[in-house]
Ligand code: BGC
């Protein structure tokens, strides 16, 4: 770049510009701003219009411009004559309409600009087809706000701040009261003398910024101003076939057979190397749904928030709790260098023995879809892709890689698939994981109906499908069925089908090149869309307190007070001697096993090491959050002792001495294995019965995967389900027991009495070392879409606790239910009143009782959680989800509300309507 050390006359400058092509060539690859010292008068416009083209300035800027009300700014006329865009920015406008501010003329098209949302901090994004520049006209206003605006609006574009002071993060002063970001190499300022109409000198300076080598120009897909589709198109066009194939398989992020990690892998479930030449970042994926895992401590120093389990979040019936939990996990994933979280698990709970229920969100498609959809939305608010899984019907773990579930099309759409569909509509996950199991005889990861037709065509899912780890059995067959990426095939599958076998299939034309490009495009587009290119993860310390707060809120809203005879809870102040029994409650709270286990938290790792199994899917993890210590902290006035419960007689003796006994009972469940039955293990039923016999004031706190048999229930006045409550389990449980928090959780599952109330009372082959061999067929047609409370209603069963049940320390009343139909929507309104003496939250549940003869008796169609002060009343409105009113017709592929008279029920559980209204619906197709 030439440097002008002396002031040039205009003619000399123009002469140089015109006579020396090198000058123009030097200017062209850079970005230039001509700053006029003062605004020209009207009479000077013609003179300037003849001089400026020779300078080829991209921007002409004038700082102090006054524009009288109704008058045309001479600079506007100049812009018109030059063919530049005119912007009057940062205007202070007085009462008469006179404006004062800064004018920017741009020779490059203005792609975007700040609107009225950012008064005083205007920016323009200008582009010349190759380069894009964000131009901020003043950074002086508010340094902090400016930094936020810069990062939000600039994204990948190199940027210039005009009139800005140095000292903005990431910006370098250029010498013209301006600063430039990365993306520019050299800055050069020259004085330029222009002449006014009378030939007198008009002072101006020209700033020329050279682009750095790797500016967006060389990689136009790095231009964050373009759409994800356009960026993908540009990038795909530059990729070699090898680079495309590189996108289609991940490696096991923990290394093969205990060997080293793949080069570049951060260390977790999956890793796809990036392509440096093209600026494609690596895909680093981590498990999963209850926090960011760090398997075996592979990433020394990393730890994460162990969130409460899925049913706990679902029990909150609060979309905001789910969103906050998702955002917590997404943020921590990003801070541990992951851009994909394998979280977003929405399989329905069809059976309490499924070993992975603790990762899911209950039995109802609406509740599960809303809760998981919100969690996905939270994850993806953090520049992290969420992976909705396990698609589909992977509702049991026993021989999950071999078994087939049998289920009709209508039934699967009205149950599991509806949960996925609602989660997709709300959360828009970037990726979906196909499941291990077969569905009607076809593997989930080579199921053209589920992946191609339903997910991609009918639901218009634009993201990519990755396989579960070990879920791929073919190359071209899977690719043609809709699988886009094979996960860790070198470790878990028979071979890496999406490498050599798929290359051959594409070379031979079995898999069209267009399909290959579609697979790659889906992955890249998702990465663009979720900020993987523009906001790459960083390695930062997580915000421990924010994580604890999200976890504790979930425990407090998600634990369910199932029974509270005589208001034993909250513990009265007069209760001074408390004995806590069992469950390792002196040390911590139990968590589920398998790939989702968060073993390392800010408070350390396993509080009770050595409980079997200690190897996969173990170890059995107790998060260091002691209910005993937390209760002692809440009740320093009370004498609180702990007895481990191994000796039943000793526990009973201790209970007899106490005012209140609190038994903690645990049940460990894990991925890859189902529970053998619904019984609490390790003779805990006997312990509870003995304690309750010794002290009628016995409270039981359950930390289980889900519903268990409760043979001692009539002897136990108070029962709380805390699920797997995570790293703030102790504190959350203590807050609920003492009344510092008022329980507001409601069951997301039907608490059946025992296995006899299930669609499949006996299932051979469940659990570790089963006595009978497993059968590789799960006949889900038995209940079809009638999962949980629908099954109970259809069969006239009375469960121990109905779906939706949960108590509070206050009471609520409903009045004046009204129901109307607004277009396709059924809308209910009801007065909810807190009739008790404490603030609390109620979950108003709206059910639709279908006419006699319908295959499904009842459905949850909407809900609303409302917090009320004592005596407060509020009228709430619940919009029913249209698809829950309708039936799916596999032949027409339509959801149709059948004409008829329905009963709309407002209640606190699925089993007990408190307000009812009959309504006649016309036949309607739901879109
Ligand atoms: C699980 C997935 C998990 C994956 C990666 C599989 O065994 O089924 O849920 O994301 O492993 O760890």
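Any read-out appearing in this document is the output of simple, stated calculations on the displayed coordinates, not a laboratory observation. None of these values were measured; they are calculated from a predicted model. Neighbour counts run over all protein chains shown; Cβ positions are idealised from the backbone, glycine included.
Assorted remarks:
- Separation of alpha-carbon centers, region 702-765 and region 617-676, rounded to whole Å: 14 Å
- Its relative contact order, with pairs defined as Cα atoms under 8 Å and 6+ residues apart, puts the chain at 10 percent.
- Look at where the Cα atoms of region 32-46 and of region 288-332 average out, and the two centres are 58 Å apart.
- Taking the longest Cα principal axis of the chain as reference, the axis of helix 513-529 is set at about 90 degrees.
- At 0.890 mPa s and 25 °C, Stokes diffusion of region 752-841 via Kirkwood alpha-carbon radius, µm² per second: 140 µm²/s
- Here 766, 342 are placed in order of increasing Cβ neighbour count within 10 Å, fewest first, which gives 766, 342.
- Rounded is the label for region 398-542. Its Cα gyration tensor axes, ordered a ≥ b ≥ c, give a/c under 1.5.
- On Cα atoms only, tilt of 319-335 relative to the major axis of the chain in degrees: 60 degrees
- Shape index of region 686-758: Rg/Rh, with Rg the Cα radius of gyration and Rh the Kirkwood radius from the inverse mean 1/r over Cα pairs, equals 0.98.
- Normalised contact order of region 174-257, rounded percent, pairs of Cα under 8 Å and 6 or more residues apart: 21 percent
- Note that region 604-700 carries a Kirkwood radius of 15.2 Å, evaluated over its alpha carbons pair by pair.
- Using alpha-carbon coordinates, inclination of helix 544-558 to the longest axis of the chain, degrees: 40 degrees
- Dimensions of region 857-902 along the principal axes, based on C-alpha atoms and rounded to the nearest Å, stand at 52, 20, 16, largest first.
- Computed Kirkwood radius, in angstrom, where 1/r is averaged over Cα pairs of region 355-422: 13.1 Å
- In plain terms, the C-alpha convex hull of region 543-591 casts an average shadow of 5.3 nm² when viewed from every direction.
- Set of region 751-784 residues, backbone N closer than 20 Å to the point 7 Å along the Cα-Cβ line of residue 798: 751-759
- Rg/Rh for region 37-115 (Cα atoms only, Rh after Kirkwood) is 0.96.
- Kirkwood Rh, angstrom, region 332-488 [1 / mean 1/r, Cα pairs]: 15.3 Å
- By the count of other C-beta atoms within 10 Å, a proxy for reagent exposure, 600, 379, 782, 407 are ordered fewest to most as 782, 600, 407, 379.
- FRET efficiency estimate (nearest 0.05) - Cβ-Cβ, residue 128 to residue 401, R0 45 angstrom: 0.25
- The chain: antiparallel DSSP beta bridges as a percent of all, rounded to 5: 70 percent
- Between region 71-94 and region 223-282, the alpha-carbon center distance in angstrom: 47 Å
- Reduced Cα scattering model of region 300-403, Debye log10 I(q)/I(0), q = 0.23 Å⁻¹: -1.17
- Square roots of five times the Cα gyration tensor eigenvalues for region 486-568, Å: 47, 21, 14
- Per residue, the convex hull volume that the Cα atoms of the chain enclose (Å³): 197 Å³
- For the chain, the 222 nm mean residue ellipticity estimated from helices alone, with every DSSP H stretch of n ≥ 4 adding -39500 (n - 2.57) and the total spread over all residues, rounds to -7000 deg cm²/dmol.
- Working from Cα pairs under 8 Å separated by at least six residues, relative contact order for region 804-927 is 26 percent.
- Sorting 927, 646 from the fewest to the most surrounding beta carbons within 10 angstrom yields 927, 646.
- A Förster radius of 60 Å combined with the Cβ-Cβ distance from residue 577 to residue 772 puts the calculated FRET efficiency at roughly 0.80.
- Equivalent ellipsoid of region 484-623: semi-axes from √(5λ) of the C-alpha gyration tensor, largest first, are 49, 21, 16 Å.
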